[in-house]
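Student: Quick one: the structure is below, questions incoming.
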Amino acid sequence: MDLVDRYLQAVKFWLPKKQKADIIAELSEDLRSHIEDRETELGRKLNDSEIAALLKQHGRPVLVANRFLPQESLIGPVLFPIYVFVLKIVAAFYMVPWILVWIGIEVSRAAHSGQSLITSVAAFWTTFWPMAFFMIGGITTVFAVLERVQTKSRFLEEWDPRKLPPVRDPNRISRANSIVEVVANLVFCIWLIGGMWYQTVLHFSGLTITLSPVWRYFFWSFLAVAIANTIASAINLFRPYWTWVRASIRLVCDCVGSVLFCWLMKANIIAAISVVNVAPEKTAQIAQAINWWSAKMFPLAIVACAVIVTVDAYRIYRVRSNAGPGIVLNAATSIC
Amino acid sequence: MTHGSQNDALVENLRLELRRGSLVLAVLVQLRAEHYGYTLRKALAQYGMDIDEGTLYPLLRRLESQGLLVSEWREEDKRNKRFYKISRDGKVVLKQLLAEWQVIGQSLEEILKESDHGSR
């Protein structure tokens with residue numbers, strides 16, 4: 001019976017103190033009755049392997065003990081979906097951007113300083129994991145505390161169906177957004193025409209900033225994109241549902257705008273800066289530094305533009321795959 | 001995992017779920033006569049209600065803490081055994097549960113009959 005005693009001892013370890021003796025006495029009785037029954041059937045004593053097989057059939061000690069313990073969870077079924085949602089939000093809006101920015105910085109650093117990829121990846125692991133660990137650990141701790149509070153106060157059971165948010169249509173364009181877009185694009189157009197028409201874009205209080213001749217191309221291109229965006233947003237204002245035509249126009253505009261923006265970063269756009277009473281060598285250095293930092297920001301610009309273009313492309317996919325009730329509502333206005 | 005084994009696992013899970021509710025009923029019915037754990041397990045197995053000790057003993061403890069069973073330690077065949085029996089409250093609850101069980105059975109039969117007619 002050595003095996004049985006060892007088994008019971010292993011089960012006992014996991015049991016709550018107050019019930020240990022009682023549960024073990026009962027389990028012991030059950031096991032011994034089972035063994036006796038088998039021995040009567042076979043007409044002989046069970047050997048060690050047969051007892052081991054029987055114990056295995058009863059289950060791993062920790063699992064057997066677990067069934068006697070009160071069923072507890074760190075985060076219960078009421079809060080768990082909210083917990084997963086918060087983790088997803090943190091991953092999407094903090095961790096993923098963090099990784100993307102890091103990739104941008106490291107690619108730029110590798111290009112400029114010749115740092116090896118392995119060193120960069122090692123640096124990433126050493127900074128990313130503690131950040132992710134504390135972030136996820138912190139959220140889990142907050143939810144575990146909320147779970148305890150919820151179990152006692154049942155605050156989540158107090159709710160009013162009338163306070164639920166209205167049905168959301170993913171293909172509906174918010175009128176407020178369209179108005180903001182129209183105004184922002186118009187302001188941008190006015191600023192371009194009023195302040196950026198000439199190569200010398202600033203001439204004030206002794207400070208003069210002159211752009212390189214290539215600015216002329218950027219000027220017309222940015223103006224064209226801004227006018228196209230203003231018209232598209234104005235149409236969205238009066239027909240507030242995404243159609244694949246308008247979503248595609250938005251994608252094209254954003255693609256062109258992104259290419260221009262990224263190109264601008266690398267274009268050494270500041271030709272000269274002059275400030276009264278400051279040596280030309282000094283201002284030349286400042287102009288060079290601005291151009292240098294602008295070029296250094298190129299990878300970040302690519303990441304930001306890639307995010308914008310991905311969102312636009314996903315919008316087309318969503319509209320084309322007829323997801324959401326917006327398409328049904330939008331049937332009558334499906335052509336731009 | 002193959003489709004067949006996935007299906008088997010699903011059926012097994014659903015079967016266990018179905019049996020879980022009826023186990024309480026079976027235990028209460030069986031404990032109208034006094035039993036200790038092992039003989040109760042054997043008696044239930046005899047009627048096709050196999051239940052492992054990892055499920056039975058926690059269930060017995062829960063039913064006892066709910067006042068539906070009473071138990072006492074007694075010596076039998078030179079060994080200490082814990083004997084369980086349904087309590088007075090347990091008998092009242094069992095009566096209600098059996099009535100509910102019959103209602104569920106009848107409802108299910110009606111639904112089956114109706115759907116059989118419909119599918120013809």
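Read-outs throughout are calculated quantities, based only on the coordinates presented, and are distinct from any laboratory measurement. Predicted model, so just to flag it, every value in this text is computed and none were measured. When we count neighbours, we look across all protein chains shown, and the Cβ atoms used for this are built from the backbone with ideal geometry, even at glycine.
Student: What residue among B:Val93, B:Val103, B:Val27 has the largest mean-square fluctuation in a Gaussian network model of chain B, using Cα springs under 10 Å?
Tutor: B:Val103
Student: Give me the one-decimal nm value for the distance between modelled label points at A:Thr310 and B:Leu98, 7 Å along each residue's Cα-to-Cβ direction.
Tutor: Simple spin-label model gives 6.5 nm for this pair.
Student: Let me spell out the model: positive unit charges on the Cβ of Lys and Arg, negative unit charges on the Cβ of Asp and Glu, origin at the Cα centre of the range A:41-168. What dipole size does that give, in debye rounded to 20?
Tutor: In debye, rounded to 20, the range A:41-168 gives about 160.
Student: Could you give the radius of gyration (one decimal) and Dmax (whole number) of the Cα atoms in the range A:167-224, in Å?
Tutor: 17.0, 57
Student: Would you pull out the residues with amide H under 5 Å of B:His35's amide H, same chain only if 5 or more places away, H placed 1.01 Å from N?
Tutor: Result for B:His35 returns B:Tyr84.
Student: Taking H as built 1.01 Å from N, whose amide H comes closer than 5 Å to the amide H of A:Ala271, not counting residues under 5 places away?
Tutor: HN-HN under 5 Å from A:Ala271: A:Thr210, A:Leu211, A:Ser212.
Student: So if I take the alpha carbon set of chain B, get Rg, then get Rh from the Kirkwood formula, what is the Rg over Rh ratio?
Tutor: Taking Rh as the inverse mean 1/r over Cα pairs, Rg/Rh reads 1.09.
Student: Quote the charge dipole size of chain B about the Cα centre in Debye, to the nearest 20; the model charges only the Cβ of Lys and Arg (+1) and of Asp and Glu (-1).
Tutor: Rounded to the nearest 20 debye, it is 520 debye.
Student: Sticking with this structure for a sec: Suppose R0 equals 60 Å. What FRET efficiency, 1/(1 + (r/R0)^6) with r the Cβ-Cβ distance, do A:Lys12 and A:Val167 give to the nearest 0.05?
Tutor: Plugging the Cβ-Cβ distance into 1/(1 + (r/R0)^6) gives 0.60.
Student: For A:Ile231 paired with A:Glu158, estimate the spin-label separation in nm (one decimal), with each label point 7 Å from Cα along the Cα-to-Cβ line.
Tutor: Between A:Ile231 and A:Glu158, the label points sit 5.6 nm apart.
Student: Just for the Cα atoms in the range A:3-57, what are the lengths along the principal axes, largest first, rounded to whole Å?
Tutor: 39, 17, 15
Student: Two decimals is fine: what is log10 I(q)/I(0) at q = 0.12, 0.20 Å⁻¹ for the range A:1-134, from a Debye sum with one equal scatterer on every Cα and no solvent?
Tutor: Relative scattering, expressed as log10 I(q)/I(0), comes to -0.70, -1.12.
Student: Moving on to the next point. Need the list of lysines near A:Lys56 for cross-linking: C-alpha distance under 22 angstrom, and skip anything on the same chain fewer than eight residues off.
Tutor: List returned: A:Lys12, A:Lys20, A:Lys45, B:Lys42.
Student: In a GNM of chain A with a 10 Å cut-off on Cα contacts, which of A:Ala144, A:Ala122, A:Ala295 has the highest mean-square fluctuation?
Tutor: Answer for the Gaussian network model of chain A: A:Ala122.
Student: Can you give the FRET efficiency for B:Asn80 and A:Asn66, using 1/(1 + (r/R0)^6), R0 = 41 Å, r = Cβ-Cβ distance, to the nearest 0.05?
Tutor: E between B:Asn80 and A:Asn66, to the nearest 0.05, is 0.95.
Student: Using the count of nearby Cβ atoms within 10 Å as a rough guide to exposure, how do B:Ser107, A:Ser28 rank from fewest to most?
Tutor: Least crowded to most crowded, the residues run B:Ser107, A:Ser28.
Student: Enter the per residue convex hull volume of the range A:179-336, computed from alpha-carbon coordinates, in Å³ rounded to the nearest integer.
Tutor: Spread over its residues, the Cα hull of the range A:179-336 gives 107 Å³ apiece.
Student: Taking the Cα centre of chain A as origin and charging only Cβ (+1 Lys, Arg; -1 Asp, Glu), how large is the dipole, in debye to the nearest 20?
Tutor: Dipole about the Cα centre, nearest 20: 1100 debye.
Student: Given N residues in the range A:65-131, what is Rg(Cα) / (2.2 N^0.38 Å)?
Tutor: In units of the globular-protein estimate, the range A:65-131 measures up at 1.80.
Student: Could you pull out every residue, at least 5 positions away or on a different chain, whose amide H is within less than 5 Å of the one on B:Leu69? Hs are placed 1.01 Å off N in the peptide plane, and Pro or chain starts have none.
Tutor: B:Glu64, B:Ser87
Student: Also: Put +1 on the Cβ of every Lys and Arg and -1 on every Asp and Glu Cβ in the range B:1-69; which of B:Leu23, B:Tyr38, B:Ser65 then has its Cα farthest towards the positive end of the dipole?
Tutor: It is B:Ser65, whose Cα lies furthest towards the positive end.
Student: Could you tell me which residue out of A:Asn268, A:Val187, A:Val201 lies farthest along the dipole of the range A:169-322 toward its positive end? Charges go on the beta carbon: Lys and Arg +1, Asp and Glu -1, centred on the Cα centre.
Tutor: A:Val187
Student: For B:Lys78, which aspartates and glutamates qualify as cross-link partners when the Cα separation must be under 13 Å and same-chain residues fewer than eight apart are set aside?
Tutor: Answer for B:Lys78, where 13 Å is the Cα cut-off: A:Glu29, listed by chain and number.
Student: Something else about it: With the cut-off at 39 Å, report for chain A the share of all Cα pairs above it, as a whole percent.
Tutor: 51
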